């Protein structure tokens with residue numbers, strides 16, 4: 001029996017608004033792990049979003065499958081598939097039918113404007129919890145009213161946690177309402193295969209045939225613009241150009257992504273144009289979509305390193321899965337990827353972000369965990385749109401990825417595995433809290449505090465509508481040390 005178990009008829013019920021927890025997006029995957037790792041403590045109703053969901057409106061009971069996976073005999077998990085993230089009517093219906101004790105929602109706040117517009121109606125009776133993500137600084141003050149519509153903000157990265165605290169710095173929020181809750185990966189689904197495994201060997205044979213490789217890099221994420229998959233390919237080409245032909249033939253880049261996506265590009269064309277497959281080998285996985293966890297773990301174990309090149313990234317789940325499988329990572333220094341690289345300060349402590357240090361993308365701190373090869377952005381520009389007027393776009397140079405590939409390649413297999421093992425040891429530690437089990441325990445701890453301290457909202461509140469306070473506009477820009485030296489010389 002799990003620690004903290006409560007019988008089903010005595011549990012509180014959580015209404016979760018997110019992606020359908022049966023799906024394979026990052027949001028769906030984390031929703032599933034949150035549910036499965038807390039189903040001994042809470043009953044769950046998931047309003048499960050998907051684009052043009054084929055099962056919309058069919059209430060599904062996942063309790064039996066959850067029992068098989070978790071061992072919780074009386075797990076109670078229901079999913080209502082929905083086209084999109086919902087609307088006021090369906091939320092009212094679910095609240096009326098299931099009488100949940102809290103409403104929890106997950107992903108970008110722009111999807112939830114309709115929910116925030118009805119927050120008084122909901123918060124008179126139950127609290128609203130936001131599992132929150134924001135990719136980068138400057139502080140998004142336009143999110144302030146969204147954050148204020150929630151009773152608890154659980155933030156997936158240290159950077160997001162600091163962002164929320166600064167956006168709400170003049171509000172009456174208590175410490176317990178703003179907490180760090182990093183993503184967690186299942187340590188038994190993603191793991192290093194260290195013993196002879198017949199199924200893995202058969203998979204390897206089917207995918208690679210008779211080819212033997214000295215170095216394999218892996219990318220597992222979407223083909224969208226901010227992920228910069230073409231730059232990974234160009235970096236791979238640059239890396240292999242600087243090897244001897246016989247060495248280059250022993251290197252392979254594997255892509256788990258859609259080869260063609262309207263939100264990204266035609267990667268087949270990129271590969272055809274830039275890569276001679278004799279000396280610059282790039283392959284897609286055997287499936288475009290819906291690899292099982294077992295198959296994904298096989299690909300991580302085939303590889304030596306996982307790479308991202310995103311210019312914005314809230315977390316980067318592929319990195320966590322790679323570390324859990326005992327493999328190294330290469331990533332830009334931006335967003336939640338910084339957490340997984342574990343940068344340390346002058347006292348060798350894992351860095352915390354502050355009003356003055358909103359991100360380490362300026363390169364103030366260079367030392368990180370041995371399992372990571374960081375790439376510091378060459379370009380830090382401000383991009384935006386009408387609903388999100390400004391956000392830092394942290395772009396790395398493809399040449400930096402080539403250098404990172406070369407650095408990891410030159411370590412040799414034994415050293416790469418040693419460093420990857422350190423990564424797994426750390427993500428499963430009490431400090432990192434990046435296992436699915438830790439994520440569940442962390443969620444329970446925070447929700448129990450919420451249920452103890454939450455006070456229902458009154459029917460209405462009066463607020464003085466002002467512009468952003470002037471001290472907000474004095475946000476310190478994170479200049480690089482190189483720039484500081486050069487400007488001081490000119491002055």
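The values are calculated or read from the model by the stated rules, or taken from the named source; none is laboratory data. In this text the structure is predicted, and so the values were computed from the model without any measurement. Note that we place each Cβ from the backbone using ideal geometry, even for glycine, and neighbour counts take in every protein chain shown.
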Meets criteria (without any contact (Cβ under 8 Å) to a residue 60 or more places away in the chain and under 23 Å from the mean Cα position of the chain (by Cα)) for residue 226: no
Candidates 291, 319, 302, filtered to the one that is without any contact (Cβ under 8 Å) to a residue 24 or more places away in the chain, in contact with a strand residue (DSSP E or B) (Cβ under 7 Å, 6 or more places away or on another chain) and assigned by TED's automatic domain parsing to the domain that holds residue 223: 319
Residue 414 vs. criteria closer than 30 Å to residue 176 by Cβ and either exposed (fewer than 15 other Cβ atoms within 10 Å of the Cβ) or outside the structural domain of residue 232 (by TED's automatic domain parsing) (or both): no
Residue in the range 373-396 that is assigned by TED's automatic domain parsing to the domain that holds residue 305, farther than 22 Å from residue 138 by Cβ and over 21 Å from the mean Cα position of the chain (by Cα) present: no
Helices (runs of 4 or more DSSP H) wholly inside the range 193-256 that include at least 2 residues being more than 23 Å from residue 267 (Cβ to Cβ) and in the same structural domain as residue 279 (by TED's automatic domain parsing): 198-208, 245-248
Filtered residue count, the range 40-69, keeping only those that are buried (at least 17 other Cβ atoms within 10 Å of the Cβ), without any contact (Cβ under 8 Å) to a residue 60 or more places away in the chain and either out of contact with any strand residue (DSSP E or B) (no Cβ under 6 Å at 6 or more places or on another chain) or not in a loop (DSSP other than H, G, I, E, B) (or both): 11
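Does the range 120-135 hold any residues that are within 30 Å of residue 382 (Cβ to Cβ) and modelled with pLDDT under 95, and which are they?
Of everything in the range 120-135, those that are within 30 Å of residue 382 (Cβ to Cβ) and modelled with pLDDT under 95 turn out to be 133, 134, 135.
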Any hit, the range 221-239, residues being touching a strand residue (DSSP E or B) at 6+ places or on another chain (Cβ under 7 Å) and more than 30 Å from residue 392 (Cα to Cα): no
Matching residues in the range 322-359 - criterion: being assigned to a loop (DSSP other than H, G, I, E, B) and free of Cβ contacts under 8 Å to residues at least 40 places away in the same chain: 343, 345, 346, 347, 348, 349
Lone unmet requirement of (1) over 15 Å from residue 478 (Cα atoms); (2) outside any loop (DSSP other than H, G, I, E, B); (3) in contact with a strand residue (DSSP E or B) (Cβ under 9 Å, 6 or more places away or on another chain) for residue 392: (1)
Members of the range 117-137 found to be part of a helix (DSSP H, G or I) and crowded, with 19+ Cβ neighbours inside 10 Å, listed by number: 119, 122, 123
Which listed residue, of 419, 407, is within 19 Å of residue 241 (Cα to Cα), part of a helix (DSSP H, G or I) and either outside the structural domain of residue 362 (by TED's automatic domain parsing) or touching a residue at least 12 places away in the same chain (Cβ under 8 Å) (or both): 407
Cross-chain or 6+ apart pairs with Cβ under 8 Å, the range 142-162 first and free of Cβ contacts under 8 Å to residues at least 12 places away in the same chain, then assigned to a helix (DSSP H, G or I) and surrounded by fewer than 23 Cβ atoms within 10 Å (Cβ to Cβ): none
Any hit, the range 204-214, residues being buried (at least 16 other Cβ atoms within 10 Å of the Cβ) and more than 26 Å from residue 25 (Cα to Cα): no
